[in-house]
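Okay, so here's the structure we're looking at.
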Amino acid sequence: MSGTYLGMPAFPQAVREAVNNPVLRQNLRHATHTIRAKRARAVAEVSDWAELREAGARIKDHTLRHLDRYLVELEEAVTAAGGTVHWAADAEEANRIVTALVKETGESEVVKVKSMATQEIGLNEALEAEGIRAYETDLAELIVQLGKDRPSHILVPAIHRNRGEIRDIFRREMGEWGRPAPDGLTDTPGELAEAARLHLREKFLRAKVGISGANFMVAETGTLVVVESEGNGRMCLTLPETLISVVGIEKTVPTWRDLEVFLQTLPRSSTAERMNPYTSMWTGTTDGDGPGAFHLVLLDNGRTDTLADEVGRQALRCIRCSACLNVCPVYERAGGHAYGSVYPGPIGAILSPQLRGTASAIDASLPYASSLCGACYEVCPVAIDIPEVLVHLRERIVEGGEAVQAGNKVLLKPARGHAAERAAMRAARWALSHPAALRTGQRLASRTRRLHPRTLPGPGRAWTATRDLPALPAEPFRDWWQRTGGTTDGDK
């Protein structure tokens with residue numbers, strides 16, 4: 001992934017500022033609670049939701065196991081339909097390909113559909129470095145771009161902004177990017193949307209190059225799919241003369257029949273809609289209809305490394321619905337910027353450390369940005385067991401071990417700062433494998449319980465600063481069991 005977010009402090013440090021910002025917390029709490037309540041109602045309407053969820057997981061797992069074959073099939077289908085396929089091993093290569101394609105057209109500006117993949121590789125920055133200006137056309141992405149900000153949510157990138165802040169951004173910045181905001185603009189949602197519509201309309205009508213991602217790619221036909229709610233995507237996909245789509249290789253599905261499952265689960269899980277207002281599909285090029293040139297950039301950027309991990313690969317099932325963010329108690333209080341990645345929340349905590357590795361402080365801290373409550377797994381429409389992957393990644397960080405990086409097997413060293421944790425876990429493993437020592441320790445702890453402190457010293461102080469240290473019973477369980485035989489009669 002790009003270096004756009006790297007260099008940030010680790011999650012525990014980054015989150016301190018967020019939790020002390022009352023406006024941010026109020027914005028997040030209101031938005032996430034509203035979205036997840038709507039989602040729950042939309043999902044409850046579907047009697048076979050559990051079956052759809054299981055079907056989605058199975059389709060994704062099957063595709064990932066045979067991804068090599070389906071990617072070749074996809075390339076052949078796209079090429080046969082008049083498109084051109086490019087393969088990008090990493091962000092640098094993807095940016096180089098896209099920049100060269102735009103330069104070949106002679107244009108110096110592009111319009112963009114909301115795309116996590118292009119944010120992941122830092123495409124806007126790469127284009128700007130070559131004198132090409134990229135205009136975001138999704139309303140929330142436009143707010144983020146005008147505000148010189150970063151997205152903080154997968155579905156609603158400007159979730160951390162309220163209407164007053166958006167009005168001020170439009171008034172201050174729109175004129176620098178094109179048509180200025182109307183005089184007397186208020187924070188009424190209708191007025192804000194109309195200001196964005198007028199600002200973007202001239203860009204849609206003059207742009208010769210469009211850049212998109214895709215929600216899905218159908219291997220058997222070479223069809224790409226974008227689902228959205230505003231119509232800006234439809235404009236970017238149909239009006240320009242050249243369309244360039246940058247898509248992660250994991251977005252592949254084998255057949256049209258498979259696509260039907262996700263077109264039911266994605267809108268309900270993301271926007272709480274039965275069907276997205278705009279579902280755009282295109283297959284190559286057609287004379288006189290849509291762009292005359294279509295380029296598909298298939299992006300790896302750490303995905304095949306992730307695929308090599310039998311536990312962690314389930315993160316590649318993700319269809320970017322953001323349901324896990326809206327139920328996560330950590331995200332609700334921290335916001336998206338603290339994660340230091342374009343993928344915030346629970347899915348970002350398992351995806352970013354696998355795509356980027358765990359060498360940086362921010363990536364090594366992300367698997368700990370969770371309470372392991374499991375709410376993310378319960379709402380995931382493709383049944384990604386996020387808590388399982390979090391624990392798996394924590395083990396990798398603390399203990400080190402084998403991993404795959406850039407296609408090569410490497411032996412990771414244990415991360416610094418976890419010596420006490422490793423010692424504690426090894427001591428626990430030894431005690432639990434020696435029953436006599438465990439019994440003696442339990443009895444000693446019970447008999448000295450009146451001397452135990454209310455808070456822990458040293459590194460444990462942070463844990464007991466916000467919770468009570470559990471009180472030990474007067475008698476260990478195994479002693480009580482031996483004395484009573486598991487009944488209450490012995491206590492009388």
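The values are calculated or read from the model by the stated rules, or taken from the named source; none is laboratory data. It should be emphasised that the depicted structure is a prediction, and the values quoted were computed from it without experimental measurement. Here the Cβ is made from the backbone with ideal geometry for all residues, glycine too, and neighbour counts use every protein chain on show. With ligands, DNA and RNA removed, areas are computed over all heavy atoms of the protein, side chains included. Shrake-Rupley method; radii C 1.70, N 1.55, O 1.52, S 1.80 Å.
Would you call residue 410 of a type in the set (A, V, I, L, M, F, W, C) and in contact with a helix residue (DSSP H, G or I) (Cβ under 9 Å, 6 or more places away or on another chain)? Criteria not met by residue 410.
Residue check: is residue 261 part of a strand (DSSP E or B) and either of a type in the set (A, V, I, L, M) or under 14 Å from residue 276 (Cβ atoms) (or both)?
Numbers: part of a strand (DSSP E or B): no; either of a type in the set (A, V, I, L, M) or under 14 Å from residue 276 (Cβ atoms) (or both): yes.
Answer is no for this residue.
The lone criterion from (1) at pLDDT below 95; (2) open to solvent by 10 Å² or more (accessible area, probe 1.4 Å); (3) closer than 23 Å to residue 299 by Cβ; (4) of a type in the set (A, V, I, L, M) left unmet by residue 361 is number (3). Exactly one residue out of 382, 410 is assigned to a strand (DSSP E or B) and under 23 Å from residue 316 (Cα atoms), and it is 410.
Here is a yes/no grid of residues against (1) within 19 Å of the chain's Cα centre (by Cα); (2) under 20 Å from residue 269 (Cα atoms):
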{"position": "132", "(1), (2)": "no, no"}
{"position": "140", "(1), (2)": "yes, yes"}
{"position": "143", "(1), (2)": "no, no"}
{"position": "149", "(1), (2)": "yes, no"}
{"position": "162", "(1), (2)": "no, no"}
{"position": "166", "(1), (2)": "no, no"}
{"position": "170", "(1), (2)": "no, no"}
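Table: residues versus (1) surrounded by 23 or more Cβ atoms within 10 Å (Cβ to Cβ); (2) modelled with pLDDT under 95; (3) not in a helix (DSSP H, G or I).
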{"site": "276", "(1), (2), (3)": "no, yes, yes"}
{"site": "282", "(1), (2), (3)": "yes, no, yes"}
{"site": "296", "(1), (2), (3)": "yes, no, yes"}
{"site": "320", "(1), (2), (3)": "no, no, yes"}
{"site": "331", "(1), (2), (3)": "yes, no, no"}
{"site": "346", "(1), (2), (3)": "yes, no, no"}
{"site": "349", "(1), (2), (3)": "yes, no, no"}
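The number of residues in region 445-457 that are without any contact (Cβ under 8 Å) to a residue 12 or more places away in the chain and open to solvent by less than 100 Å² (accessible area, probe 1.4 Å) comes to 2.
Tell me the residue from 465, 474, 436 that is free of Cβ contacts under 8 Å to residues at least 24 places away in the same chain, surrounded by fewer than 12 Cβ atoms within 10 Å (Cβ to Cβ), more than 30 Å from residue 371 (Cβ to Cβ) and aliphatic (A, V, I, L, M), please. Please lay out each step first, then the result.
Details: 465 fails: more than 30 Å from residue 371 (Cβ to Cβ); 474 fails: free of Cβ contacts under 8 Å to residues at least 24 places away in the same chain.
Within the list 465, 474, 436, the selection yields 436.
Taking (1) open to solvent by 20 Å² or more (accessible area, probe 1.4 Å); (2) touching a residue at least 60 places away in the same chain (Cβ under 8 Å); (3) touching a Phe, Trp or Tyr at 6+ places or on another chain (Cβ under 9 Å); (4) over 24 Å from residue 36 (Cα atoms) in turn, residue 368 satisfies each apart from (4). Within region 218-247, residues that are farther than 16 Å from residue 283 by Cα and open to solvent by 10 Å² or more (accessible area, probe 1.4 Å) sit with their Cβ atoms under 7 Å from residues that are outside any strand (DSSP E or B) and of a type in the set (Phe, Trp, Tyr), at 6+ positions apart or across chains, in these pairs: 235/204.
Restricting region 195-213 to residues that are touching a strand residue (DSSP E or B) at 6+ places or on another chain (Cβ under 9 Å) and not aliphatic (A, V, I, L, M) leaves a set whose member that is surrounded by the most Cβ atoms within 10 Å (Cβ to Cβ) is 210. Is it the case that some residue within region 413-420 is assigned to a helix (DSSP H, G or I) and either open to solvent by less than 20 Å² (accessible area, probe 1.4 Å) or at positive phi (or both)? Taking every residue of region 413-420 in turn, none turns out to be assigned to a helix (DSSP H, G or I) and either open to solvent by less than 20 Å² (accessible area, probe 1.4 Å) or at positive phi (or both). When you look at residue 395, is it part of a helix (DSSP H, G or I), open to solvent by 80 Å² or more (accessible area, probe 1.4 Å), free of Cβ contacts under 8 Å to residues at least 40 places away in the same chain and under 26 Å from residue 356 (Cβ atoms), yes or no? Yes; evaluated as a whole, the condition is true for this residue.
When you look at residue 183, is it of a type in the set (D, E, K, R), in a helix (DSSP H, G or I), free of Cβ contacts under 8 Å to residues at least 12 places away in the same chain and surrounded by fewer than 21 Cβ atoms within 10 Å (Cβ to Cβ), yes or no? Taking the combined requirement at face value, the residue does not satisfy it.
When residue 32 is evaluated against the numbered criteria (1) among the hydroxyl-bearing types (Ser, Thr, Tyr); (2) touching a residue at least 60 places away in the same chain (Cβ under 8 Å); (3) open to solvent by 70 Å² or more (accessible area, probe 1.4 Å), which criterion, by number, is the only one it fails? Every listed condition holds for residue 32 apart from (3).
Matching residues to (1) under 43 Å from the mean Cα position of the chain (by Cα); (2) at pLDDT 85 or above; (3) of a type in the set (S, T, N, Q):
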{"residue": "396", "(1), (2), (3)": "yes, yes, no"}
{"residue": "404", "(1), (2), (3)": "yes, yes, no"}
{"residue": "417", "(1), (2), (3)": "yes, no, no"}
{"residue": "427", "(1), (2), (3)": "yes, yes, no"}
{"residue": "445", "(1), (2), (3)": "no, yes, no"}
